[in-house]
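S.K.: What follows is a single structure, and I will ask about it in a moment.
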Amino acid sequence: MPTIKVVNITPKALSGDRSLDSEPSLAVNPENPQEMVASAFTPDPMGGPFAPIYVSTDGGDTWVLNSVVPGNGGRGTGDISVGFGGQGGRLYTGILNGETSDLQILRMPDVSAPGPMDEIVDRSDEDQPWVVATTVAANGTGADRVYVGNNDSSEEPRPATVDVASDGRTATGQADFTTVRLDRRRDTVHDGPPIRIAVHPDGTVYTAYQRWTAFSPTRVVTFDVVVTRDDKGGIGPNPFEDLLDPADGEVGLRVVAGRKVRFNVQVPSLGQERTGADLAIAVDQTDANSAWIAWCDNQGGNAPTDYVLHVRHSADRGASWAVAHPDVVNGKNPALAVNSDGLVGLVYQQLVHNQWSTVLELTDDLFQTQERLVLHQAPGDVPPAGFNLPYLGDYLRMITVGRDFYGIFSGNNTPDLANFPVGVTYQRNADFTTHQLLSTDTITRVPPSIDPFFFHRAA
């Protein structure tokens with residue numbers, strides 16, 4: 001029977017932590033799923049020059065910090081995402097340096113070794129790097145194909161971009177990456193920060209981004225959700241041009257157009273969280289023709305009201321998309337993944353009656369039936385965010401290795417078993433009887449904050 005576990009990954013040595021450790025990412029070594037890496041907005045506890053990653057070598061049961069990421073700022077690194085290559089155990093990381101805000105693409109051959117990570121690329125004026133890596137056969141040996149989605153801030157319209165390395169193992173600089181501008185339409189006024197990537201073993205690569213067509217003085221964005229596809233791994237001439245929109249003949253199919261959202265606005269009715277940058281895409285590992293996408297927008301036209309999460313499915317390589325899940329009102333932070341059996345996973349966070357719930361749903365029949373698991377639920381106003389954003393974050397992450405689903409989310413860390421319907425394990429000092437966090441001395445009380453939580457649904 002399938003099993004599920006949830007682990008608060010904050011180590012015991014950080015039991016005094018009271019920060020908002022949001023926007024988590026996760027990587028699992030496909031050759032050794034006992035080895036995994038997580039990241040979040042977590043500074044080095046000793047105030048050193050390198051920000052930490054979280055490392056587990058026992059399948060996520062216990063975690064330690066390894067401070068190896070350049071540029072430890074007030075919140076650790078800036079935006080960060082992580083991904084293992086398919087073979088060899090190398091970790092690839094995309095960050096916004098916590099001191100310089102530069103985009104850096106990094107590599108580490110052994111995640112438990114002392115750092116720092118090897119710097120491959122360093123350049124300015126980028127936003128929200130998103131890393132996906134895989135291993136392909138090349139020249140008789142394996143090569144790590146590395147994709148880094150990013151929002152190019154160096155020029156308007158801040159186009160959605162992906163950097164592709166044909167072999168991240170041997171890459172030594174920017175010249176080893178091809179920088180591909182995904183958005184080619186001339187009437188774009190801006191592209192949103194999230195650029196998401198899904199890779200199939202046969203070399204099919206999908207990307208998704210939000211193309212802004214209008215931006216009002218009240219921060220209401222009008223946008224399209226666009227999907228591109230490359231059938232050759234993103235390598236070679238004319239990359240990511242294999243999916244055209246029949247309406248205008250341009251690269252990238254508009255899944256939906258003319259949607260509205262209040263961008264980067266803190267919404268009191270949405271549990272202190274901000275809106276505007278929620279996006280996910282996945283491809284079925286058993287069928288490259290089958291792809292999934294999720295995004296959020298506001299309903300209500302030029303006076304947006306409810307924040308709504310939508311899910312669509314394509315059975316024809318992105319040429320058409322159909323509704324595949326009921327809309328989720330006040331849902332955000334979607335992540336999608338498909339396992340080796342074709343089982344589809346959707347995880348998201350939803351505010352209902354001022355309670356944030358993190359929900360995992362699994363289906364093999366387009367959500368006609370589903371397995372639904374509430375991983376976490378807690379008040380949406382604890383702890384108070386003030387002006388400290390993001391709160392839970394603009395994203396979480398879920399991936400598959402074989403038949404298993406692995407994921408990470410951030411949430412209220414009050415030690416109360418009622419908040420964890422499927423159970424939980426803490427490393428940091430916590431009293432589940434009094435629902436009280438305790439510092440490293442096991443006596444001093446620590447107020448609730450936001451921690452990263454790992455989950456694993458084993459087949």
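S.K.: For segment 1-56, enumerate the residues that are of a type in the set (S, T, N, Q) and modelled with pLDDT of 95 or more.
M.R.: Thr3, Asn8, Thr10, Ser15, Ser22, Ser25, Asn29, Asn32, Gln34, Ser39, Thr42, Ser56
S.K.: While we're here: Does Ala335 satisfy being open to solvent by less than 50 Å² (accessible area, probe 1.4 Å) and small (Gly, Ala, Ser)?
M.R.: For Ala335, the condition - open to solvent by less than 50 Å² (accessible area, probe 1.4 Å) and small (Gly, Ala, Ser) - is met.
S.K.: Do we have Ser320 as open to solvent by 20 Å² or more (accessible area, probe 1.4 Å) and within 27 Å of Ala458 (Cβ to Cβ) here?
M.R.: When the stated conditions are applied, Ser320 does not pass them.
S.K.: Find the strands (runs of 3 or more DSSP E) located wholly in segment 223-304 whose residues include 2 or more that are surrounded by fewer than 18 Cβ atoms within 10 Å (Cβ to Cβ), and list them.
M.R.: Values: elements: 253-262, 279-284, 287-298.
In segment 223-304, the matching strands (runs of 3 or more DSSP E) lie at 253-262, 287-298.
S.K.: Search segment 49-65 for residues that are under 22 Å from Gly423 (Cβ atoms) and pair each with any residue that is among the small types (Gly, Ala, Ser) and modelled with pLDDT of 95 or more when their beta-carbon atoms are under 6 Å apart and the residues are at least 6 apart or on different chains.
M.R.: Tyr54/Ala38; Trp63/Ser56
S.K.: Inspect all residues belonging to segment 151-167 and state whether any of them is in contact with a His (Cβ under 6 Å, 6 or more places away or on another chain), of a type outside the set (S, T, N, Q) and at pLDDT below 95.
M.R.: Yes, there is a match, as at least one residue in segment 151-167 is in contact with a His (Cβ under 6 Å, 6 or more places away or on another chain), of a type outside the set (S, T, N, Q) and at pLDDT below 95.
S.K.: Here is a further query. Tell me whether segment 117-127 contains one or more residues that are more than 22 Å from the chain's Cα centre (by Cα), over 18 Å from Val37 (Cα atoms) and among the hydroxyl-bearing types (Ser, Thr, Tyr).
M.R.: no
S.K.: Further, regarding this structure: Please specify each residue of segment 71-99 satisfying the condition of being closer than 23 Å to Asp394 by Cα, open to solvent by 10 Å² or more (accessible area, probe 1.4 Å) and more than 20 Å from the chain's Cα centre (by Cα).
M.R.: Within segment 71-99, Asn72, Gly73, Gly74, Glu99 qualify.
Yes/no per residue for (1) open to solvent by 20 Å² or more (accessible area, probe 1.4 Å); (2) of a type outside the set (Ser, Thr, Tyr):
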position	(1), (2)
Leu106	no, yes
Pro114	yes, yes
Thr141	yes, no
Tyr147	no, no
Thr161	no, no
Thr188	no, no
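S.K.: With respect to the numbered conditions (1) assigned to a loop (DSSP other than H, G, I, E, B); (2) β-branched (Val, Ile, Thr); (3) closer than 24 Å to Leu26 by Cβ, which one is the sole condition not fulfilled by Val328?
M.R.: For Val328, the exception is condition (1).
S.K.: Something else about it: Name the single residue, out of those in segment 339-352 being open to solvent by 20 Å² or more (accessible area, probe 1.4 Å) and of a type in the set (A, V, I, L, M), that is farthest from Ala198 (Cα to Cα).
M.R.: Val352
S.K.: Based on what the data block shows, is Val68 under 18 Å from the mean Cα position of the chain (by Cα) and either touching a residue at least 40 places away in the same chain (Cβ under 8 Å) or not in a strand (DSSP E or B) (or both)?
M.R.: Here the answer is no, as Val68 does not meet what is asked.
S.K.: So, in segment 259-276, how many residues would count as being within 18 Å of Asp381 (Cα to Cα) and not hydroxyl-bearing (Ser, Thr, Tyr)?
M.R.: So the count comes out to 9.
S.K.: Here's another thing I want to ask about it. Look at segment 163-184 and say how many of its residues are in a loop (DSSP other than H, G, I, E, B) and open to solvent by 10 Å² or more (accessible area, probe 1.4 Å). Walk me through how you get there before you give the answer.
M.R.: Filtering segment 163-184 down to residues in a loop (DSSP other than H, G, I, E, B) leaves 166-173, 182-184.
Subsequent filtering for residues that are open to solvent by 10 Å² or more (accessible area, probe 1.4 Å) retains 166-167, 169-170, 172-173, 184.
Here the count works out to 7.
S.K.: Let me ask something else about it. Of the conditions (1) of a type outside the set (Phe, Trp, Tyr); (2) under 15 Å from Leu279 (Cβ atoms); (3) open to solvent by less than 10 Å² (accessible area, probe 1.4 Å); (4) part of a strand (DSSP E or B), Pro193 clears all except one; give me its number.
M.R.: Here Pro193 clears every test but (3).
S.K.: Now a separate question. Filter segment 353-380 down to the residues that are of a type in the set (Ser, Thr, Tyr) and closer than 21 Å to Phe454 by Cβ and list them by number.
M.R.: Ser357, Thr358
S.K.: Mind checking which strands (runs of 3 or more DSSP E) fall wholly inside segment 353-459 and carry at least 2 residues that are buried (at least 23 other Cβ atoms within 10 Å of the Cβ), among the small types (Gly, Ala, Ser) and at pLDDT 95 or above?
M.R.: 404-412
S.K.: Can you name the condition, by its number, that Asp127 falls short on among (1) in contact (Cβ under 8 Å) with a residue 40 or more places away in the chain; (2) buried (at least 22 other Cβ atoms within 10 Å of the Cβ)?
M.R.: Exception for Asp127: condition (2).
The values are calculated or read from the model by the stated rules, or taken from the named source; none is laboratory data. Because the structure is predicted, anything quoted here is derived from the model rather than measured. Quick reminder, even Gly has a Cβ in these numbers, built from the backbone with ideal geometry, and neighbours come from all protein chains shown. Just the protein is used for accessible areas: all its heavy atoms, side chains included, with ligands, DNA and RNA removed. Shrake-Rupley method; radii C 1.70, N 1.55, O 1.52, S 1.80 Å.
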